[in-house]
2 protein chains.
Amino acid sequence: MPLVVTGTIGIDTVYTPSGHAESVLGGSCTYFAAAASFHGPVRIVAAAGDDLPDEHLGTIRHFPTIDASGLEIRKGSKTFRWGGKYHDNMDRRDTLYTELGVLAEAPPKIPDRFRDSEFVFLANTHPAVQLGMLEAFPHRRLAVADTMDLWINTARAELDKLLARVDGLVLNYDEAELLTGKRNPVAAARHILEMGPSFVVVKKGEHGSLLIHREGLGALPAYPAEQVVDPTGAGDSFAGGMMGFLAAAGAKHPGNGSRRGASFEALLRALAHGTVMASFNIESFSLNRLRALKREELDARYAQFAGMLRIH
Amino acid sequence: MPLVVTGTIGIDTVYTPSGHAESVLGGSCTYFAAAASFHGPVRIVAAAGDDLPDEHLGTIRHFPTIDASGLEIRKGSKTFRWGGKYHDNMDRRDTLYTELGVLAEAPPKIPDRFRDSEFVFLANTHPAVQLGMLEAFPHRRLAVADTMDLWINTARAELDKLLARVDGLVLNYDEAELLTGKRNPVAAARHILEMGPSFVVVKKGEHGSLLIHREGLGALPAYPAEQVVDPTGAGDSFAGGMMGFLAAAGAKHPGNGSRRGASFEALLRALAHGTVMASFNIESFSLNRLRALKREELDARYAQFAGMLRIH
C-alpha cells in the first residue's frame with residue numbers, strides 16, 4: 001500500500017546537553033521517511049535548495065526503500081535551516097534561528113506517479129498547504145496530519161478545514177490544550193474528534209503517547225531510554241514508524257482496503273512501533289542512529305517493549 | 001502474607017480546579033491501606049489526636065480487611081493537618097499549611113502481634129523514624145519505603161542508611177533527580193540501586209511510572225483518566241495497590257517465601273494494579289471513591305488497562 005509523506009528537508013544546527021551538531025540533515029520529511037522505510041516503501045514530497053550538500057542527499061538515498069523522486073532540488077533556492085538549543089531536561093528547546101528558504105516559495109510539485117498513494121502523512125506545515133497536498137491523493141485510505149502551535153494560533157480557519165478532512169491528527173500534549181482550551185489531554189482529544197478525525201495521537205515525548213480513537217482509548221509509555229543525545233526528529237520518527245507499520249499491515253491485509261481509516265487495535269500497535277523507532281532516533285544527532293540501525297536491533301527492542309507491557 | 005503500613009492519618013483541606021473539600025480524611029497510611037485492602041488484609045501503624053472525627057474513624061473501619069488495632073488515638077494530641085491547593089494542570093500544588101500535631105511526638109507503638117508482618121511499607125516520614133519501624137519487623141520478606149524532597153534535603157545521612165536496608169524505594173520523578181543529581185530518571189534510579197534497594201519505582205503522576213529493577217526495566221502509562229477531581233493520595237493508593245497485590249500474590253505462592261524481594265515480573269504487575277487503583281482514587285476527594293469502589297469495577301478496569309497494553 002503506497003505510503004507518501006509531505007514535509008520538510010532541513011539543515012539543522014543543534015545544541016543539546018550531550019554535545020552539538022552543525023549543519024546536519026534534518027526536516028520532518030527526512031526523519032519520517034527514514035523511520036517508515038524500515039517497514040516498506042515510502043515516497044517523499046519535499047523541496048530543498050541547491051545548497052543541500054551531496055552528503056545529505058546520500059543519507060536520504062542510503063535508505064533503499066525511500067523513493068526520493070518527489071524531492072525537488074531548486075536551483076538558486078536555499079534549503080530550510082533551523083538552529084535549536086535544548087534545555088537541560090531535553091523536553092524544552094529554544095529556537096536559535098529559522099531560515100525558511102524554499103519553504104517561503106511555492107510548495108513542491110507532486111509527481112503524477114505518486115497520485116495512487118493510499119497512506120498519506122502530512123508533516124507539519126501551513127494547514128492550507130497540507131490541505132492542497134491532501135487533495136492530490138484521491139485514492140487515500142488513511143490520511144494523517146501533524147500540526148503545531150504556530151498554525152493553531154495563526155491559521156485556525158485553515159486548520160479547522162484540514163481537520164474536517166483527515167482521518168487522524170498527531171500533535172503534542174501542549175498543542176492539544178492550545179487547540180481546544182481543555183487541560184486534560186483525553187478531554188482535549190475527544191473535542192478534536194468532534195472536529196473531524198476518527199483518532200488523535202497525543203505525543204508526550206519522554207512520557208509516551210495517548211491514542212484517543214472513536215473505538216477506544218489507549219496509552220503507551222515511552223521506551224525507558226537511559227541516554228538521550230538529541231530529541232530532534234523524535235516526533236517525526238515516531239510518526240514514520242507508526243505510518244510505516246500501518247501501510248505495511250495494509251499491504252498484508254488488502255481485504256480491508258475498502259474501508260477508510262484504521263482500527264483501534266492496529267493503531268495501538270502502530271503507536272508502539274513509532275515509540276520504538278523514536279527511541280533509537282534520539283540516541284544520536286541527525287539521522288545517524290537510524291542510518292546505522294539494523295533490522296534485528298529494531299525487532300529485538302520492539303519485542304522487549306511489547307514484553308514489558310504484557311501484564312495480566 | 002501479612003502486610004503492614006506505617007504512615008500518617010491526616011485531616012486535609014484541599015482545593016482543586018474541580019472544587020474543594022474541608023477537613024476530610026487523608027494521610028499516607030489511610031490511602032495506602034484503603035487501596036491495599038482490596039487485595040487482602042492490611043495492618044496500619046499510625047497515630048492521631050482525639051480530634052479525629054468519629055466519621056473519619058468510621059471511614060477507615062468501612063474497609064473490612066483493614067486491621068486498625070495499630071492506630072493510636074492520643075488523648076490531648078492533635079491529628080496531623082494539611083491544606084493544599086492544586087494548580088490548574090493538577091500536577092503541581094501549593095501547601096497552604098501544615099500542622100504536625102502528633103507527628104511531632106513519639107512515633108506510634110507497633111503492636112506485638114504485628115511483628116510477624118512480612119510485607120512492610122514505610123510511607124513517607126523522617127527516615128530515622130522509618131528505620132526504627134523497619135527494625136520492628138524482623139520477619140520481613142519485602143520492605144519498601146517512600147520518601148520526599150524534604151528528607152533528601154535535610155536528612156540525607158539517615159536516608160542513606162534506610163536505603164541500604166530496604167528492598168525497594170518509591171519516589172517521584174523530581175525526587176529521583178534531587179537524590180542523585182541525574183536528570184534522566186532511569187540513570188537516576190540505577191544510581192539509587194547502587195545505594196541498596198533491588199528496585200526503584202519512579203512515580204510520574206498522570207504520565208505513569210517506571211520500574212528500575214536489578215532484573216529489568218519497565219514503564220507503564222497512567223490509566224488515561226478523563227476527569228481528575230483530586231490527585232491527593234494518588235501516590236499512596238498506587239503504593240497500596242502495588243503492595244496489596246504483592247502480599248496477596250505472596251500468600252498464593254508461599255513457596256517463594258524463603259527469598260527476599262520481588263521478581264521483576266511480579267513488580268510490573270503490581271505497578272499495574274497500583275496504577276488502576278490510583279486512577280479510581282483521583283476521581284473524587286478524600287477516600288470517597290475508594291469507599292464506593294466495587295470489586296467488579298476494579299477488575300473491569302484492570303482488564304481494560306492490561307488489554308490496552310497487550311500489543312504484539
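No value in this document is a laboratory result; all are computed from the given coordinates. Keep in mind the model is a prediction, meaning the values are calculated, not measured. So basically every Cβ, Gly included, is an ideal-geometry build from the backbone, and we count neighbours across all protein chains shown.
Taking other C-beta atoms within 10 Å as the exposure proxy, B:HIS39, A:HIS126, B:HIS273 rank A:HIS126, B:HIS39, B:HIS273 from fewest upward.
Centroid-to-centroid, using Cα positions, region B:210-241 and region A:266-312 are 23 Å apart. With a ≥ b ≥ c the root eigenvalues of the C-alpha gyration tensor of region B:143-285, is it rounded (a/c under 1.5), prolate (a/b larger than b/c) or oblate? Oblate shape, in that a/c is at least 1.5 and b/c is the bigger or equal ratio.
Position B:GLU194: other-copy label points at 5.3 nm, ordered by increasing distance, label point 7 Å along Cα→C-beta. Just checking the listed ones, A:GLY132, A:GLY168, A:GLY27: in the Gaussian network model of chain A with Cα springs under 10 Å, the one fluctuating most is A:GLY132.
Over chain A, what lengths in whole Å, largest first, do the semi-axes of the equivalent ellipsoid take, defined as the square roots of 5 times the eigenvalues of the alpha-carbon gyration tensor? Could you put the intermediate results ahead of the total?
Details: eigenvalues 129, 105, 86 Å².
They are 25, 23, 21 Å, listed from largest to smallest.
Evaluated over the Cα positions of region A:225-304, the convex hull gives a direction-averaged projected area, one quarter of its surface, of 5.7 nm².
Across the protein assembly as shown, counting alpha-carbon atoms alone, Rg and Dmax equal 26.4, 87 Å. Listing A:HIS312, A:HIS207 from fewest to most neighbouring C-beta atoms within 10 Å gives A:HIS312, A:HIS207. Would you mind telling me which residue in A:LEU271, A:LEU122, A:LEU179 has the biggest mean-square fluctuation in a Gaussian network model of chain A, where springs connect alpha carbons within a distance under 10 angstrom? Taking springs between Cα atoms under 10 Å, the residue moving most is A:LEU179. Annotation: extensible slack from A:LEU100 through A:ASP50 equals 16.6 nm (criterion: 0.36 nm per residue apart, minus Cα-Cα distance). Exposure proxy ranking for A:VAL4, A:VAL229, based on other Cβ atoms within 10 angstrom of each Cβ and starting from the fewest, stands as A:VAL229, A:VAL4.
Can you pull the mean other chain C-beta count within 10 Å for peptide A:302-312? It would help to have the intermediate numbers written out before the result.
Working: counts 2, 1, 2, 2, 4, 6, 9, 12, 8, 16, 8.
Partner Cβ neighbours, averaged per residue: 6.
Bridging of A:LYS85 to aspartates and glutamates at a Cα separation below 17 Å is possible for A:ASP12, A:GLU22, A:ASP94, A:GLU99, A:ASP230, A:GLU283, once same-chain residues fewer than 8 apart are set aside.
Across the residues of B:214-225, average count of Cβ atoms on other protein chains within 10 Å? Display every interim value, and only then the final one.
Numbers: counts 0, 0, 3, 6, 6, 13, 7, 11, 5, 2, 11, 6.
Per-residue shielding by partner chains comes out at 6.
Given R0 = 25 Å, the distance between the Cβ atoms of A:ALA128 and A:ARG183 translates into a calculated FRET efficiency of 0.30. Using the average count of surrounding beta-carbon atoms within 10 Å as a protection proxy, the listed peptides B:231-243, A:185-197, A:57-69 rank, highest first, as B:231-243, A:185-197, A:57-69. Here is the result for region A:145-231: no chymotrypsin sites (Phe, Trp or Tyr not before Pro) lie in DSSP coil with at most 16 other C-beta atoms within 10 angstrom of their C-beta. Using the rule -39500 (n - 2.57) for each DSSP H run of four or more residues, divided by the residues of chain A, the 222 nm mean residue ellipticity is -11000 deg cm²/dmol. Within the listed set A:ALA164, A:ALA247, A:ALA270, the Gaussian network model of chain A (springs between alpha-carbon atoms below 10 Å) gives the highest mean-square fluctuation for A:ALA164. Among the listed pairs A:LYS109/A:LYS294; B:LYS182/B:LYS203; A:LYS204/B:LYS203; A:LYS294/B:LYS182, those with a Cα-Cα distance over 22 Å are A:LYS109/A:LYS294; A:LYS294/B:LYS182.
In whole percent, what relative contact order does chain A give with Cα contacts below 8 Å and a gap of six or more residues?
Values: 684 pairs, mean separation 56.8, N = 312.
Reported as a whole number, the value is 18 percent.
Dipole size of the protein assembly as shown about its Cα centre, with +1 on Lys/Arg Cβ and -1 on Asp/Glu Cβ: approximately 1320 debye, rounded to the nearest 20.
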